[in-house]
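Can you read through this structure? Questions will come right after.
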Amino acid sequence: MTYQTILFERGAGVARLTLNRPQRLNAFTTQMHKDVADALTCVEADPEVRVLLLTAAGKGFCAGQDLAERDVQAGPLDLGRTTRTYYNPLIRRLVALPIPVVCAVNGVAAGAGVSLALACDVVIARSSARFVQAFSSIGLVPDAGGTWSLPHLVGQARALGFTLTGGTLSAATAAEWGLIWKAIDDEHFETEREALVEQLSRGPTKGLANAKLAIRHAARATLDEQLDIESELQRKCGLTDDYKEGVSAFKERRQPRFAGR
Ligand code: T3D
């Protein structure tokens, strides 16, 4: 399947979705939303895919909404409609995917590009990448889940400071704040990205999916509720082939061979 605005391939348990409008720092157009949505439908329907890698072509990751698509002189725009139609379903689908989603931030992320990265499960960034909270520069509120993920990840003080000043964070600061998992030296970025993706593609997929579910659920739960969720998810994990394999491998002093079931 070929697309106008993304590259998409599947193989060896990995789906790779690369935003591909490098001349516009991979800013989102309506066509890109449609292409990404279609690729996600393929991922959701393919039981062989055990990890999704989201990254981008060229020197940028994603500059958020393509502002060339917004004719502000032509009359009022209903941005509530565009976020409801495109950004909200995208974020909901990424978070709901029952596999790990790795985001490899290869360059600058701005506006909804930041929010998009933060919706992924494991976010790594090139040391030279930066995160720009561009919304306030054009009079908008962070969208694509940004007002939810930011304070959850870094706390209210940093979320407000970053957002209201339209600030820029280096990858190193983003990692230090807990916005992302890791900043990686540019020269080691691809190698580490591939090692991470390979590790996750060979992992106990159902266990990883349940861990993702539990950790994401914690943001809106009490400890009591969370203990119950853990028990229920642990019950499910205990019935998987991968649990049997993991314990057997430990006892036999060998590496486990998880089948993702
Ligand atoms: O509309 C709705 O549906 C509501 C939803 C909104 C979601 C949002 O994301 S709102 C926020 C939109 N994004 C921005 O405001 C970011 C705008 N871009 C920038 O601030 C800067 O470009 C960056 C900080 C991202 C990077 O700066 P720099 O100096 O590294 O690169 P540059 O030279 O500014 O950009 C390179 C090219 O990409 C340039 O084109 P040119 O001059 O070489 O032909 C630039 O115009 C283009 N570009 C960058 N960002 C966008 C863009 N073109 C269209 N839309 C963009 N968002």
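How are the alpha carbon pair distances in the chain distributed across 5 Å bins from zero to the largest one, expressed in percent?
Percent of Cα pairs in each bin: 1, 6, 12, 16, 18, 17, 13, 9, 5, 2, 1, 0, 0, 0.
Rank by packing, highest mean first: peptides 115-121, 105-111, 84-90, 231-237, with packing defined as the count of other Cβ atoms within 10 Å averaged across residues.
105-111, 115-121, 84-90, 231-237
Now for a different question. Considering only the other residues whose Cβ falls under 10 Å of the Cβ of residue 205, what net charge follows from Lys and Arg at +1 and Asp and Glu at -1?
Cβ neighbours under 10 Å give a net charge of +3.
Among 45, 211, 129, which one moves the most in a GNM of the chain with springs linking Cα atoms closer than 10 Å?
45
Taking a ≥ b ≥ c as the square roots of the Cα gyration tensor eigenvalues, with a/c under 1.5 meaning rounded and otherwise prolate when a/b beats b/c, else oblate, which class fits the stretch 127-243?
oblate
If you count, for each residue, the other Cβ atoms within 10 Å and average over each peptide, how do 71-82, 136-147, 186-197 line up from highest to lowest?
136-147, 186-197, 71-82
To continue, here is another question. So if I take the centroid of the Cα atoms in the stretch 106-160 and the same for the stretch 36-50, what is the distance between those two points in Å?
Answer, in whole Å: 25.
Decide, for the stretch 91-160, between rounded, prolate and oblate: order the square roots of the alpha carbon gyration tensor eigenvalues as a ≥ b ≥ c, take rounded if a/c falls under 1.5, and otherwise choose prolate if a/b is larger than b/c, else oblate.
Here the stretch 91-160 falls in the oblate category.
Give, as a single signed number, the net charge of other residues whose beta carbon lies under 12 Å from the beta carbon of residue 182, with Lys and Arg counted +1 and Asp and Glu -1.
Net local charge, residue 182 excluded: -1.
Moving on. Once the principal axes of the Cα atoms of the stretch 205-252 are found, what is the range along each, listed largest first in whole angstroms?
Taking max minus min along each principal axis of the Cα atoms, the stretch 205-252 gives 39, 17, 15 Å.
Measure off, as a whole percent, the carbon and sulfur share of the 1.4 Å-probe accessible area of the stretch 205-252, all protein chains present.
Carbon and sulfur together cover 59 percent of it.
Which percentage, to the nearest 5, of the DSSP beta bridges contained in the chain is antiparallel?
Antiparallel: roughly 30 percent of the beta bridges in the chain.
Do the sum for the chain: with -39,500 (n - 2.57) for every DSSP H run of n ≥ 4, divided by all residues, what is the mean residue ellipticity at 222 nm, to the nearest 500 deg cm²/dmol?
It lands at -13500 deg cm²/dmol.
I've got another one for you. Who wins for biggest fluctuation among 166, 58, 11 in a Gaussian network model of the chain, springs between alpha carbons below 10 Å?
Greatest mean-square fluctuation among the candidates belongs to 11.
Also: Please work through the chain and write down the cysteines that have no neighbouring cysteine Cβ at a distance under 4.7 Å.
That list is 42, 62, 237.
The values are calculated or read from the model by the stated rules, or taken from the named source; none is laboratory data. Predicted model only: the values in this text are computed from it and were never measured. Note that we place each Cβ from the backbone using ideal geometry, even for glycine, and neighbour counts take in every protein chain shown. Side chains included, ligands, DNA and RNA excluded: accessible areas come from the protein's heavy atoms. Shrake-Rupley method; radii C 1.70, N 1.55, O 1.52, S 1.80 Å.
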